[in-house]
Amino acid sequence: MLIAVAALTLIPTAALAPAAAATTGAATTGGRYTTIDVPGATSTVATGINDLGTVVGIYTDSIGLDHGFLDQGGTFTTINVPGAPQTLAASVNDLGVVVGYSLDANGAAHGFVDRAGTFTTVNDPNAGSASGQGTFAANMNNLGVIAGFYVDAGGVQHGFIDRAGRFTTVNAPAAGSASGQGTNVGWINDLGEVTGAYTEPNGDEVAFAGPLGRFTAVSDPNAPPVSTLTAAINDAGVVVGTWFDASGNSHGFTERGGVFTPVTDPSAGADGTSPQGISNTGAVVGLYFDASGAVHGFELNPARP
């Protein structure tokens, strides 16, 4: 069962060492779209891309189980946390470090860091351990800082920032505190700017981006109220995300300085396109639904001719 959908309120309701490459502005629909399908998979979602063009994501196999993957120039490598029934890869930084989470036999999530096949577990000490609870690691920037969220024993989401094992909880002031509500963080760039969303007590979900503690709400001007989700932010401050129309169809966008640019894969059907990650070179990855409703990954790379 593919869990990644819709612009990383992270992956469950739906990740950047040394000098980064020069940044670009918002990607446009004039860039080159490339479909990403893991061979033999029933569904593929691209969730992250680094400045070297390495893509990570999630694919679903023929029996409905999720696996992470690494795509280096069309060569695919499966990522499975040892002993875990399902693994979901969320991002890759410029050192090639992959971050994501796995699901245990009880359905609880555990974050992981994958360094060339050596796995380290990331568990927020406040996370619950029942099905649907746990720690959802979203990305690691180039400085080694991990962002994500955890679900506590009461079913409430809380964002977290993990600096070398020191966890800081991130809760938006207006977030609700009932089960299914709360705050998640889906991305942190090298400047410490984050994206995410919080759910208000009335059930409305509000997307945000910006420095920790100084969040700015993000809403595509074409979107109905509280229907925008943010997925990632690069070091130039370009945000990618998705908004949903009244029929529930997804519409991708990039945003920089309040200027929104559509991201629509030309192969997408009515269900639309949902960006999930962006590199500092302006390459965007995500998912689209074809005319039959099947899910495919995509890369939009304005740096290519």
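Some notes on this structure:
- Complete set of residues in region 98-116 that are buried (at least 20 other Cβ atoms within 10 Å of the Cβ) and among the β-branched types (Val, Ile, Thr): Val98, Val99
- Checking Gly258, Gly241, Gly248, Gly203 one by one, the residue that is closer than 19 Å to Ser91 by Cβ and either loosely packed, with under 15 Cβ neighbours inside 10 Å or modelled with pLDDT of 95 or more (or both) is Gly241 and no other.
- All conditions in (1) under 30 Å from Gly40 (Cβ atoms); (2) hydrophobic (A, V, I, L, M, F, W, C); (3) surrounded by fewer than 20 Cβ atoms within 10 Å (Cβ to Cβ) hold for Leu212, with the sole exception of (1).
- Looking at region 62-161, the strands (runs of 3 or more DSSP E) lying wholly inside it that each contain 1 or more residues that are acidic (Asp, Glu) sit at 66-72, 109-115.
- Number of positions in region 244-285 that are part of a loop (DSSP other than H, G, I, E, B) and not hydrophobic (A, V, I, L, M, F, W, C): 16
Residue-wise test of (1) hydroxyl-bearing (Ser, Thr, Tyr); (2) over 19 Å from the mean Cα position of the chain (by Cα); (3) not in a loop (DSSP other than H, G, I, E, B).
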{"residue": "Phe167", "(1), (2), (3)": "no, yes, yes"}
{"residue": "Ala178", "(1), (2), (3)": "no, yes, no"}
{"residue": "Thr183", "(1), (2), (3)": "yes, no, yes"}
{"residue": "Gly186", "(1), (2), (3)": "no, no, yes"}
{"residue": "Asn202", "(1), (2), (3)": "no, yes, no"}
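The values are calculated or read from the model by the stated rules, or taken from the named source; none is laboratory data. Predicted model, so just to flag it, every value in this text is computed and none were measured. Positions of Cβ are generated from backbone atoms using ideal geometry, with glycine treated the same way; all protein chains shown enter the neighbour counts.
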